[in-house]
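First comes the structure, then the notes that go with it.
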Amino acid sequence: MILMKRLFKQSLSIFAILSVFSSCAREESESTDDIEQRYIESHVKVIYKDTLTKTSSGLYIINLKEGTGPAITDTSGVYVRYSVMDFKNNYSATTYDSIAKILGKYSDTTYFGPRLFQMGDYSLMRGVEEALKLVKQGGRIKFIIPTWLSNYNYKGSSYLLSSPYVYDIEVLRVVPSVAKFQIDTLEAYSKKYYGGIDSIAYGFYHKPLEAGIGDTLAVDEYVSFWYVARLLDGFVVDTNIEDTARKYRIYNSSASYTALSHTIVDIDKTTDNELIPAIDKALLNMKHGGVSVVFFSSSWGYGSTSKGFGRYQPMVYWIKVVSDNEDDSDD
């Protein structure tokens with residue numbers, strides 16, 4: 001459901017959509033963009049009575065509420081909610097659970113919270129970046145984006161859309177630095193839930209709940225553990241505990257709900273790890289039978305990787321290391 005990815009491409013190409021206009025082509029050399037432009041103009045004339053504002057690049061602005069907060073720059077982080085529709089008002093994506101429920105597409109496994117759009121890092125379509133610069137924090141913009149604005153801002157980037165779409169984007173927050181905003185958010189989370197504990201590394205917080213027994217776990221040690229992974233707003237992303245999965249309605253019958261076994265690695269010396277760095281960092285501060293909560297910035301997690309819950313997400317993990325005589329789990 002990420003706005004800037006190819007998931008919004010429909011099997012019906014722009015050529016098929018525009019075939020009804022082929023008889024109107026002025027000459028054989030007319031470009032695809034020209035044909036699409038006439039198609040959009042016809043749609044705007046019929047649906048919007050030629051009342052829309054058109055930018056020099058070809059965006060059509062349907063509605064615009066500028067907002068009164070900070071402006072969006074070329075490098076801003078922008079937290080948004082959005083919906084994407086075709087010209088027949090069929091939704092191909094939305095971050096609003098209310099809309100998903102109306103459409104019958106709601107799922108407890110789908111994250112409907114705010115998403116982060118990062119300006120200037122080639123992760124957003126050109127048309128989306130252009131539209132966002134027209135609004136500020138607290139603003140909202142609805143616009144038509146043609147296919148020729150659906151590539152990234154670098155030479156040779158391919159179009160991500162095969163037909164024009166309508167985008168509706170609500171700007172919730174604008175931050176000059178996503179990294180600093182994450183740290184501030186984690187500090188606030190620490191104060192709210194854990195009495196303001198300090199980080200043990202930059203952007204990484206560890207709260208022991210049960211000490212465990214024996215020596216602290218070490219690099220190359222083979223251990224098994226239970227976990228529950230959440231976002232800071234409480235949304236459960238993943239777990240290997242069956243009861244917890246059922247409780248939060250993310251149970252998957254094909255998943256194996258058993259303790260996860262892992263050989264601890266030195267995250268300072270390897271990047272070839274099957275788990276996110278936060279897991280090894282947590283385990284190296286735990287003992288057999290120990291229980292901890294760790295919360296951390298995205299640099300310890302999935303970073304810029306686009307997941308079902310977005311990019312650059314701080315996370316919270318509850319972890320219980322299995323002791324030598326234990327195979328149970330609790331949340």
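Quick note: the coordinates plus some simple rules give every number you see, no bench work behind them. As the structure is a prediction and not an experimental result, all values here were calculated from the model. We place every Cβ from the backbone using ideal geometry, glycine too, and count neighbours over all the protein chains shown.
Would you kindly derive the ³J(HN,Hα) couplings of region 180-187 from the backbone phi angles with the Karplus curve 6.51 cos²θ - 1.76 cosθ + 1.60 (θ = phi - 60°), listing them in order in whole Hz, with x for Gly and Pro?
Taking θ as phi minus 60°, the curve returns 5, 4, 5, 5, 4, 5, 5, 4 Hz for region 180-187.
Residue by residue through region 49-57, what is 3J(HN,Hα) from phi via Karplus (6.51 cos²θ - 1.76 cosθ + 1.60, θ = phi - 60°)? Round to whole Hz and write x for glycine and proline.
6, 6, 9, 7, 7, 10, 7, 5, 7
Out of residues 5 or more away from ALA93 or on other chains, whose amide H comes under 5 Å of its own, with H placed 1.01 Å from N in the peptide plane?
VAL84
Of (1) 33, 26, 18; (2) 46, 21, 18; (3) 48, 25, 19, which one was derived for semi-axes √(5λ) of the Cα gyration tensor in Å from the structure shown?
Given (1) 33, 26, 18; (2) 46, 21, 18; (3) 48, 25, 19, the structure-derived one carries the label (2).
If the elastic network links every pair of Cα atoms under 10 Å, which of ARG38, ARG140, ARG126 fluctuates the most in the Gaussian network model of the chain?
ARG38
Alpha carbon centre of region 74-142 versus region 159-233: separation in Å?
Between the Cα centres of region 74-142 and region 159-233 lies a distance of 22 Å.
Could you give each residue of region 311-317 its phi-based ³J(HN,Hα) in whole Hz, using Karplus coefficients 6.51, -1.76, 1.60 with θ = phi - 60°, and x for Gly or Pro?
With the stated coefficients, region 311-317 comes to 10, 6, 9, x, 9, 10, 10 Hz.
Between LYS88 and TYR189, what is the spin-label point distance in nm, taking each point 7 Å from the Cα along the Cα→C-beta axis?
Taking the simple label geometry, LYS88 and TYR189 are separated by 4.2 nm.
By how many nm would the segment from ASN252 to ILE200 lengthen if fully extended, with 0.36 nm per residue of separation less the alpha-carbon distance?
15.3 nm
Please work out the FRET efficiency for the pair SER304 and ASP243, using the Cβ-Cβ distance as r and a Förster radius of 30 Å; give the result to the nearest 0.05.
Efficiency, rounded to the nearest 0.05: 0.35.
Test of understanding: in a Gaussian network model of the chain with alpha carbons linked when under 10 Å, which of GLY113, GLY156, GLY310 would top the mean-square fluctuation ranking?
For the chain, modelled as a Gaussian network with Cα springs under 10 Å, the answer is GLY156.
If the limit is 30 Å between Cα atoms, which of LYS192/LYS287; LYS65/LYS191; LYS191/LYS320; LYS54/LYS136 go over it?
From LYS192/LYS287; LYS65/LYS191; LYS191/LYS320; LYS54/LYS136, over 30 Å: LYS65/LYS191.
Pull out a ≥ b ≥ c, the square roots of the eigenvalues of the alpha-carbon gyration tensor of region 43-104, then state rounded if a/c is under 1.5, prolate if not and a/b is larger than b/c, and oblate in the remaining case.
oblate
Round to the nearest 0.05 the FRET efficiency obtained for SER98 and SER157 when R0 = 30 Å and r is the Cβ-Cβ distance.
0.35
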